[in-house]
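Worksheet: one structure, shown below.
The values are calculated or read from the model by the stated rules, or taken from the named source; none is laboratory data. As the structure is a computational prediction, the values presented were derived from the model and not from experiment. Note that each Cβ is placed from the backbone with ideal geometry, even for glycine, and that neighbours are counted across all protein chains shown. What goes into the accessible areas is simple: the full protein's heavy atoms, side chains included, and nothing from ligands, DNA or RNA. Shrake-Rupley method; radii C 1.70, N 1.55, O 1.52, S 1.80 Å.
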Amino acid sequence: MSARFTDRTVLVTGAGSGLGRAIALAFAAEGAKVVTAGRTAESLDATVALIEAAGGTAAAVTADVSSAGSTRELVRRAVELFGGLDVAVNNAGVFRGGGHSAADLPLEDWRTLLDTNVTGVLHALQAEVGHMRANGGGAIVNIASNLGPHVRVPGLFGYQVSKAAVSAITRAAALDHIGDGIRINAVSPGAAESTMSLRPGETEAEREVRMKEQSPLGRISSAAEVAAAVLYLASDDAGSAVGTDLVIDGGVAA
Ligand SMILES: NC(=O)c1ccc[n+]([C@@H]2O[C@H](COP(=O)([O-])OP(=O)(O)OC[C@H]3O[C@@H](n4cnc5c(N)ncnc54)[C@H](OP(=O)(O)O)[C@@H]3O)[C@@H](O)[C@H]2O)c1
């Protein structure tokens with residue numbers, strides 16, 4: 001197996017579940033020392049246990065990316081734990097559906113979406129770039145979505161705006177920091193293998209039927225397929241990918 005991340009330290013936010021856990025496992029399988037982050041210690045510990053059971057190296061740091069101070073402390077701890085920070089994946093995010101139109105979206109939902117999905121990515125980016133530009137550069141991958149930057153559907157106003165902002169942050173920050181030796185890119189998944197892509201009350205079997213109709217590919221993306229795109233953009237293989245927003249959605253946004 002190739003090991004593109006041997007001796008590199010990788011921070012993954014939102015690594016206690018879903019896509020973040022799959023991304024953390026994939027980096028560890030390719031030799032990275034992985035710092036998993038999120039608000040819930042138990043779920044991070046479970047990710048670390050999976051990595052260690054597979055022979056990898058990982059640690060857990062609880063943090064809330066909607067807090068600038070908590071996120072700065074997260075990056076400081078990540079650097080301290082394994083002696084550096086080479087790659088960061090800003091994956092932590094929340095979903096608020098509810099079928100609300102722009103006019104009807106509760107402001108509380110709007111604030112939660114922006115605080116986590118947008119300001120949370122900015123907090124992380126600022127702390128990560130602060131370390132990387134003083135230490136020879138690095139690679140950052142932000143997790144956006146096909147919803148917002150690439151396709152729009154009715155009733156998901158707040159989430160779509162937040163993810164369009166993640167895509168825009170990625171491209172603008174990529175230009176600002178490529179001179180610092182930091183490549184910043186995004187992955188925009190479509191419906192992927194995690195609880196976030198289940199509608200309220202929907203089973204995985206029902207989601208499978210829905211995706212046969214909604215996706216040109218006829219299925220959701222696996223978490224491993226999304227992780228593979230993240231690892232590519234973080235790796236030296238993608239040495240000239242700067243400000244790219246890679247859509248992995250089975251053709252929905254094609
Ligand atoms: N699954 C999909 O179909 C899909 C499609 C497109 C994009 N995405 C994006 O992919 C990313 C991962 O989503 P997922 O599907 O894996 O959903 P998930 O299982 O709900 O994962 C989200 C993770 O983010 C963490 N998190 C939430 N708020 C946080 C905060 N303030 N600070 C730190 N961590 C926080 C959560 O852990 P705690 O609650 O313990 O903090 C959780 O582990 C998200 O950005 C999502 O928008 C997902």
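Label 7 Å along Cα→Cβ of T40; the stretch 200-237 residues with amide nitrogen under 20 Å?
Of the residues in the stretch 200-237, 200-204, 223-224 have backbone N under 20 Å from the label point off T40.
May I ask you to list the residues of the stretch 8-23 whose amide nitrogen lies under 17 Å from a point 7 Å from Cα along the Cα→beta-carbon direction of E52?
The answer is 16, whose backbone nitrogens lie closer than 17 Å to the label point.
Between G56, G201, G243, where does the largest GNM mean-square fluctuation fall for the chain, given springs only between Cα atoms within less than 10 Å?
G201
For the stretch 106-145, give the percent of accessible area contributed by carbon and sulfur heavy atoms, probe 1.4 Å, rounded to a whole number.
Heavy-atom surface of the stretch 106-145 belonging to carbon and sulfur, 1.4 Å probe: 49 percent.
What percent of all Cα-Cα pairs in the stretch 115-254 falls into each 5 Å bin, going from 0 up to the bin containing the maximum distance?
Bin by bin from 0 Å, the calculated values are 2, 10, 18, 21, 20, 13, 8, 5, 2, 1.
Based on the inverse mean of 1/r over its pairs of different Cα atoms, what is the Kirkwood hydrodynamic radius of the chain, in Å?
18.1
Most mobile of E204, E193, E73 per a Gaussian network model of the chain (Cα springs, under 10 Å)?
E204
For S222, put the label point 7 Å out on the Cα→Cβ axis and report which residues of the stretch 27-55 keep their amide N under 17 Å from it.
27-30, by backbone N distance to the label point.
To the nearest 20 debye, what charge dipole does the chain have about its Cα centre, counting +1 at the Cβ of each Lys and Arg and -1 at the Cβ of each Asp and Glu?
My answer is approximately 280 debye.
Rolling a 1.4 angstrom probe over the protein heavy atoms, how many square angstrom per residue are accessible across the chain?
Here the per-residue accessible area is 44 Å².
For the stretch 9-248, give me the percentage of DSSP beta bridges that are antiparallel, rounded to the nearest 5 percent.
0
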